[in-house]
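The values are calculated or read from the model by the stated rules, or taken from the named source; none is laboratory data. Note that the structure is predicted; figures quoted are calculated from it, not measured. All Cβ positions, even for glycine, are placed from backbone atoms using ideal geometry, and neighbour counts span all protein chains on display.
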Amino acid sequence: MTQFKDMNLPESIHKAAIDLNYITPTPIQQEAIPWLLENDTDMIGLAQTGTGKTAAFGFPILTKTDASQYIVQTIILCPTRELCVQISKDFQSFAKYLHGIRICAVYGGAPIYSQKEALKKGVQIVVGTPGRVMDLIRQQVLKLENVTRLVLDEADEMLNMGFKDDIFEIMSHTPEQKQSILFSATMPKEVVAITKTFMKDPHRIAVGSQEKGADNINHFYYKVNARDKYLALKRIADINPKIYGIVFCKTRHETQEIADKLQHDGYNADALHGDLSQNQRDLVMSRFRSKYVQLLIATDVAARGLDVDDLTHIINYEPPADPDIYIHRSGRTGRAGKSGVSITIVHSKEMAALKAVERRLGREITLTHVPTGKEICEKQLYNLIDTMENIEVDDTQIDAFLENVYKKLSWLSREELIKRFVSVEFNRFLNYYKDTADLDLVPESAFGKAREKRDIVFSKYHLNIGYEDSLTKREVMKLINKLNVARGIEIGHIDITDRDTYVELDSYYDTQMLKALNRTKFAGRMVQAGILDEEKRRQPDSQRRQSEPRRRDSRPGNFRSKDSARAKYPRRERKSGN
């Protein structure tokens, strides 16, 4: 197997590679580095995120840079500030043992005067975003007439962001004779068109399948009601106590809103989007890289160029419209041979987009059930036990306090002591998930069999609508099914009176059903629903009909007496069918 030591790299770069634990090159590095070292003609490199593209072009560029000449020899264009900073830092690390190499990052959102000063002192390599590069060219601070290499990194995203005109304008300031290098995760027609315009017979390197994602990433999706997406996201975080991932959203507003909610609910989360200042972005990324922030809520544009290791999860808050974006997102986990998880939260109307992703991915995305409260509590309990088992105890610091602690806790038995220590953290999950509903909205074929295996227990519901609202048994069943609480929910006995209805429904869905019923209308009236208590449910039908009232106030369970209700609402004559 080829290793970096086998490549024709200078000893100074090889030494830096060892410091960075670069031993075995990735496929794109193995293909691109030798070719770029030996050739000065154009090249296109196709590889997914996380495959080491920066080193693939960085090592050859540094090898060929003349450190004695303080003129711009290489210009690297990238779409975002984050990627610009990351590439610049990587180059600094690669050039650790090279003397005289100067690298300058130029991007918007940072003071332009410091970037001007750096350029005036003389640099060989400039990494920049198109907008700031254009500003510096117009101010005649950045001069590109001696450029021998032009790199377009994340070319597909630069075109998506509308930088096409800026790219052509920047290229017009570079010599015609130069090496153009383009790296991209995907090759949409816009990228193909631009390569035909400014590249001459480029050598093409493509690693991995452009139709598929990495094999070491597991792909799952949850199907829920649109209104339950945030609840599903919280359950994903709770069932994975050591989660370290990125949640992708469509808009800046949605990104900030979800991050704010998660923070309010006690999760270590933060937002990354285009409305943040550079200082705010730097702070967020610093907290995320240090793993103080476990969940980064981000837009695709803001997350471009984030080079973060050991991500356990990528979560799509909705499936992206472009399947290539899904592949690009999921490639951020499962790096360096590790396994990763890509999760998508969908509702019914988003299934077509998910199927398009499956076709592009070349494999089926597995439907799985949203974790239940019981499952989450169990997972959190065992995680707490594991943490306690593996905690490092500093005897020198804690011994001075133990005598008083022993006295304070001496009245507790071993079992009671364990219960109380576990409950300190565990109680909040027990309280939060007590009696919570399942969120799954799944096809019958997926989970129907599991539902059929359990015994059906009915709850008896009271509704404030009846014959006077033109309600029939057929309309009751249509009303229940229209709520989409569960597919094929079991309906038992239905008893309709003039102004009230009693219907038996599968008690497994009580929480969801009550919520849904009390949000719906029938014949222009808001439905008010409640469940009769266990004592009344056990009464014989004849006795219950004698004792149960027929009208209630707005609050569930607050019934008026039968006589007073009839006095206030005299019975109307039903129309004859003739």
Residues of region 413-452 that turn out to be farther than 19 Å from Lys515 by Cα, at pLDDT 70 or above and touching a Gly at 6+ places or on another chain (Cβ under 9 Å), as a count: 3
Test Val147 against the criterion of being surrounded by 17 or more Cβ atoms within 10 Å (Cβ to Cβ), within 30 Å of Ile325 (Cβ to Cβ) and in the same structural domain as Ile194 (by TED's automatic domain parsing), and give yes or no. no
Of all residues making up region 253-266, the number that are more than 14 Å from the chain's Cα centre (by Cα) and in contact (Cβ under 8 Å) with a residue 24 or more places away in the chain: 2
Looking at Leu412, is it free of Cβ contacts under 8 Å to residues at least 60 places away in the same chain and surrounded by 12 or more Cβ atoms within 10 Å (Cβ to Cβ)? yes
Subset of region 91-112 that is free of Cβ contacts under 8 Å to residues at least 24 places away in the same chain and over 20 Å from Asp66 (Cβ atoms) - its residue that is surrounded by the most Cβ atoms within 10 Å (Cβ to Cβ): Ala105
Cβ-Cβ distance below 9 Å, separation of 6 or more or different chains: which pairs start in region 120-148 with a residue that is of a type in the set (Asp, Glu) and end on one that is part of a loop (DSSP other than H, G, I, E, B) and surrounded by fewer than 20 Cβ atoms within 10 Å (Cβ to Cβ)? Asp135/Gly108; Asp135/Val141; Glu145/Ile71; Glu145/His173; Glu145/Thr174; Glu145/Pro175
Answer from Glu389, Glu403 - the residue that is at pLDDT 85 or above and surrounded by fewer than 11 Cβ atoms within 10 Å (Cβ to Cβ): Glu403
Can you confirm whether region 230-237 contains a residue that is of a type in the set (Ser, Thr, Tyr) and outside any helix (DSSP H, G or I)? no
Among the residues of region 260-276, write down those that are of a type in the set (A, V, I, L, M) and either modelled with pLDDT of 90 or more or over 19 Å from Leu83 (Cα atoms) (or both). Leu262, Ala269, Ala271, Leu272
Among the residues in region 183-199, are any in contact with a Phe, Trp or Tyr (Cβ under 8 Å, 6 or more places away or on another chain), part of a strand (DSSP E or B) and in contact (Cβ under 8 Å) with a residue 60 or more places away in the chain? yes
Could you check region 378-432 and list, in sequence order, the residues that are assigned to a helix (DSSP H, G or I), among the β-branched types (Val, Ile, Thr) and more than 25 Å from Ile239 (Cα to Cα)? Thr396, Ile398, Val405
Picking from Asp260, Asp238, Asp270, which residue would you name as being surrounded by fewer than 19 Cβ atoms within 10 Å (Cβ to Cβ) and of a type in the set (Asp, Glu)? Asp260
